[in-house]
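First up is the structure itself, then whatever we jot down about it.
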Amino acid sequence: MDATRLGAGTATAPAACTTTTTVATPAVPGTAAVGVPGTPAVAGDRPAVTELRLSSYKSHRGAAFPLTPLTVLAGPSGSGKSSALEAYAALSRLGGGASLGEVFPDAAACVPERARPDAQGRRGIRIGCTVEGPAGEVRLDVAVQVEPELRVVGERLTGNGQVLLSTALRDPGRRTVQAAWHTAGSVPVTRAPLPDDRLGTALLPLRVAGKTAGQRMVLDAAEQAVVALRSAFVCDPRPDRMRAPVPVGEGRLQAGCGNLAEVLRRTRAECTTRHAALVAACRTACAGAVEDLAAEELGDGTVRAVLDRGALGVTPVGRLGDGELRYLALALVLLTGPGVLEMDPAAEVLPARQALTVLADGLDRCLDRRQARELLTLAVQMGERGHVRLVGAVQDGGSAAGVEGVSVVDLGCERGR
């Protein structure tokens, strides 16, 4: 079965075409005011996923995508942009401790159509990533059997070229995998069973004591991988859900951004600097004058977002176009952080040691080219601080042309081979 051959084909198979824009262009009016003052992060200080590997997942076979602080996956419909983001999101949820059944509710749809079952009728998927950070380069690869039963059949965690954790399905009759992790003590390797429906790397902190140098190496690598994966926020703003007033809640932005108004109410009160940056971003994307962006409380316990047009009065955000609403929501995500987003980052690690990664499918959906470029410029500015990374999928890669700091992975050229 394909899924049992961890890492097979990832080094030699053709990867997607990649280009990186390096030509600086004059800033579009309004973007210079968007930056938020602060001290840039030290390189390598925060764990970050720097490569996504899809050895066998949906339409991808032997694919590897390098990820920079701002990576754009470009290509026509059907080129695999969305499935690449789905695989990243799946790894993120597995890193957070979710079970395979929760992460892959329709696992059979993730198996490449051309994958043929082996003699035992088994088919599966293989995904992985590279995470760079204080522990150096850490690689995580996972093989998942989908048919006849959904289960992990192999996992490998390596740090600086050394295998730190490996698991394998030894007895199909048991709901466990045999795990072996580096110890480097009186016993060089520790062996124990682990559940076959969860990522072993996420379970290591509960199983490894950290008494030897080898065990601490394993824990450092596992923590780095888990922190980077859990620090992902899947975002796809839905304008149809953002127009109506919403009840006042805890003020954590949902993935579809339907509760935008209540989040604006919170962020406007908590951080005037970032709110001013958001208003500046709105001026570049919204038609007409924009003096301020506010949350207006209504008498029925709900709140709505409004644009202050100065002498022209206020305009409810619900009257804006789809492109303006999506831009506003995505800009808010880039300018805030995990504490404002509906996500579950690694609470045991200080926020200053984490970098938020925004996963945005259809990043340019409903946006004109100017709005898309403005949004990418904002993402670059926030990425330079080290706090935010962005992996987005677009149909029109031309919107990134000339925006310094944006890496474009062209999936369209791969489909045309």
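The values are calculated or read from the model by the stated rules, or taken from the named source; none is laboratory data. Here the structure is a predicted model, which means the values were calculated and not measured. Don't worry about glycine lacking a Cβ; one is built from the backbone with ideal geometry, like all the others, and counts go over all protein chains shown. Areas reflect the complete protein model, heavy atoms only, side chains present, ligands, DNA and RNA absent. Shrake-Rupley method; radii C 1.70, N 1.55, O 1.52, S 1.80 Å.
Less than 5 angstrom separates the built amide H of Gly154 from those of Ala143, all sequence-distant by 5 or more or on a different chain.
Counting only protein heavy atoms, what percent of the accessible surface of the chain is carbon or sulfur at a 1.4 Å probe? With neighbouring chains kept in place, the figure for the chain is 51 percent. In the chain, the DSSP beta bridges split such that about 80 percent are antiparallel, to the nearest 5.
Leaving out ligands and nucleic acids, note down the accessible area per residue over the chain with a 1.4 angstrom probe, in whole Å².
That works out to 42 Å² for each residue.
Residue-wise HN-Hα couplings along segment 240-251, as the Karplus relation 6.51 cos²θ - 1.76 cosθ + 1.60 with θ = phi - 60° gives them from phi, are 5, 9, 9, 8, 8, x, 10, x, 6, x, 7, x Hz; Gly and Pro carry x. In this structure the amide hydrogen of Glu296, modeled in the peptide plane, comes within under 5 Å of the amide hydrogens of Arg304, Ala305, Val306, none closer than 5 places in sequence on its chain. Summing Cβ point charges (Lys, Arg +1; Asp, Glu -1) relative to the Cα centre of segment 164-242 gives a dipole of roughly 220 debye. Hydrodynamic estimate: the Kirkwood radius of the chain over Cα pairs, inserted into Stokes-Einstein at 10 °C and 1.306 mPa s, corresponds to D of 71 µm²/s. Residues in segment 280-291 carry Karplus couplings, in order, of 4, 5, 5, 4, 7, 10, 9, 6, x, 6, 9, 8 Hz; the curve used is 6.51 cos²θ - 1.76 cosθ + 1.60 with θ = phi - 60°, and Gly or Pro positions show x. Comparing Ala213, Ala311, Ala168 in a Gaussian network model of the chain (Cα springs below 10 Å), the most mobile by mean-square fluctuation is Ala311.
For the chain, adding -39500 (n - 2.57) for each run of n ≥ 4 DSSP H residues and dividing by the number of residues yields -7500 deg cm²/dmol at 222 nm. As a calculated quantity, the FRET efficiency between Ala180 and Glu291 at R0 = 60 Å, using C-beta atoms, amounts to about 0.45. Residues in segment 368-383 carry Karplus couplings, in order, of 7, 4, 5, 4, 4, 5, 4, 5, 5, 4, 4, 4, 4, 4, 6, x Hz; the curve used is 6.51 cos²θ - 1.76 cosθ + 1.60 with θ = phi - 60°, and Gly or Pro positions show x. Between the amide H of Leu390 and those of Leu70, Thr71, Val358, distances stay under 5 Å, these residues lying 5 or more places away or on another chain, with hydrogens modeled in the peptide plane. So if the hydrodynamic radius of segment 148-246 is defined as the Kirkwood radius over C-alpha pairs, what does Stokes-Einstein give as its diffusion coefficient at 10 °C and 1.306 mPa s, in µm² per second? The estimated diffusion coefficient comes to 103 µm²/s. Beyond 16 Å, the tail of the calculated P(r) for segment 103-193 holds 62 percent of the Cα pairs. The mean sequence distance of close C-alpha pairs (under 8 Å, at least 6 residues apart), as a share of the length of the chain, puts its relative contact order at 24 percent. The value obtained for segment 224-319, namely the Cα convex hull volume divided by the number of residues, is 126 Å³ per residue. Share of pairwise Cα-Cα distances greater than 18 Å in segment 264-308 is 30 percent (whole percent). Give me the net charge of Gly258's neighbourhood, meaning all other residues with Cβ under 13 Å from the Cβ of Gly258; Lys, Arg count +1, Asp, Glu -1. Result for the local shell: +2. Of the residues Ala287, Gln381, Gly124, the one whose Cα sits farthest toward the positive end of the charge dipole of the chain, with +1 on the Cβ of Lys and Arg and -1 on the Cβ of Asp and Glu, is Gly124. For the chain, the longest principal axis of the alpha carbon atoms and the long axis of helix 260-270 meet at an angle near 80°. Among the trypsin sites (Lys or Arg not before Pro) in segment 184-237, those placed in a DSSP loop whose Cβ has at most 12 other Cβ atoms within 10 Å are Lys211.
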